[in-house]
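Presented below is the structure to which this report refers.
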Amino acid sequence: MGETVMDILFRKEPGKGSLQPFSATPGGSSFNSIISVGRAGIPCAFIGYAGNDRIGHQTQDFLSQNNVQTDWFHLYDGMKSSLALAFLDSNGDAEYNFYKDIPHLQYNWPLPDFTPSDTLLFGSYYAICNGMRQQVETVVQNAFQAGATIYYDINFRRTHINELETLLPVIQWNMQHSSIVRGSADDFDIMFGTRNAEQIYNKHILPYCTNFIFTAGAGQITVFTNGRRMDFTAQAIPANRIISTVGAGDNFNAGFLCELTRSGDSNDNLSHLTQSQWSNLVQTAIHFASAVCQSTSNNIPVGFRY
């Protein structure tokens, strides 16, 4: 569940002084994840919306072409689909400008019936903004009551720092209803002024959720669960092979959840997984993220093997 945007990527071309657009593709945090899940062959659906315009129709077609059900994806009349401009530096890292309406629910639409074997992925500003709150709470409550696995990616951007005091109780509610919380060092540096994984878990995550994945870009990945800490090393990619980091975190989520589905593990036994099982989950997540960093796409390539 999440928002959709058209991602337009800019970079400096040889012989040209200014950044130039070189790629445009449908995106959005959870959207990027679900496209990769669909390409990996895992049955999935997307809950969201776009404007009833050319970008919206292109987005809907992109979902269908990548094996993602669109029964709960809607196109609104009178609304413009959102744009995200990503300006890439020499390391492939992006600085964003967003052009979009504040997400808001225009009408109630049918929602999926969850089962204990299902997984719900949600996160970013979409999951905490006032306009979508009624919808998000309904979907999360339905999944929670059904015993589904709920994966929450905080993905908090600096543009919303002035709203943090208001949004923090909502973030805490989301964590309290989640099976797994993932957050990056950048998220917590913005929110709490610290990148210390242990401190973040004990003070800000554990009171609400037992299972926590802390990522730090190409650095160490730390998992906290049921009184245990496990550290994993991210796969090193040569600098000359990194094209864009756009979608890397989203595809980490996709890889993790694909492996979780393939392994047959669920909400009931997450806290009892062995270090080897957690390693398999994290390594598949890294594999997905690494593939995306080496292309201009927000998603794993068609035919990707894991």
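A single member of Phe288, Phe304 is of a type in the set (A, V, I, L, M, F, W, C), open to solvent by 30 Å² or more (accessible area, probe 1.4 Å), touching a helix residue (DSSP H, G or I) at 6+ places or on another chain (Cβ under 9 Å) and closer than 20 Å to Asn66 by Cα, and it is Phe304. All of Asp93, Asp118, Asp101 fail the test of being closer than 22 Å to Gly217 by Cα and among the charged types (D, E, K, R), apart from Asp93.
The residue list Ile237, Ile242 contains one member that is within 18 Å of Ser184 (Cβ to Cβ), open to solvent by 40 Å² or more (accessible area, probe 1.4 Å) and either over 16 Å from the mean Cα position of the chain (by Cα) or of a type in the set (Gly, Ala, Ser) (or both), which is Ile242.
Taken over segment 280-291, the criterion of being in contact with a Ser or Thr (Cβ under 8 Å, 6 or more places away or on another chain) and in contact (Cβ under 8 Å) with a residue 24 or more places away in the chain is satisfied by Leu281, Phe288. Of the residues Thr70, Thr4, Thr119, only one is in contact (Cβ under 8 Å) with a residue 40 or more places away in the chain, open to solvent by 30 Å² or more (accessible area, probe 1.4 Å) and among the polar types (S, T, N, Q); which? On inspection, the qualifying residue turns out to be Thr119. Of the residues that make up segment 157-166, is at least one buried (at least 17 other Cβ atoms within 10 Å of the Cβ) and more than 11 Å from Phe122 (Cα to Cα)? Scanning segment 157-166 turns up no residue that is buried (at least 17 other Cβ atoms within 10 Å of the Cβ) and more than 11 Å from Phe122 (Cα to Cα).
Residues in segment 46-63: is at least one aliphatic (A, V, I, L, M), modelled with pLDDT of 95 or more and in a strand (DSSP E or B)? Scanning segment 46-63, I find no residue that is aliphatic (A, V, I, L, M), modelled with pLDDT of 95 or more and in a strand (DSSP E or B), so the answer is no.
For segment 109-157, the candidate set comprises residues that are in a helix (DSSP H, G or I), of a type in the set (Phe, Trp, Tyr) and at pLDDT below 95; within that set, the residue that is farthest from Asp186 (Cα to Cα) is Tyr126.
The values are calculated or read from the model by the stated rules, or taken from the named source; none is laboratory data. Owing to the predicted nature of the structure, the values given are computational and were not obtained by experimental measurement. Every residue, glycine among them, receives a Cβ derived from its backbone with ideal geometry; neighbour counts consider all protein chains shown. SASA here: full protein model, heavy atoms, side chains in, ligands and nucleic acids out. Shrake-Rupley method; radii C 1.70, N 1.55, O 1.52, S 1.80 Å.
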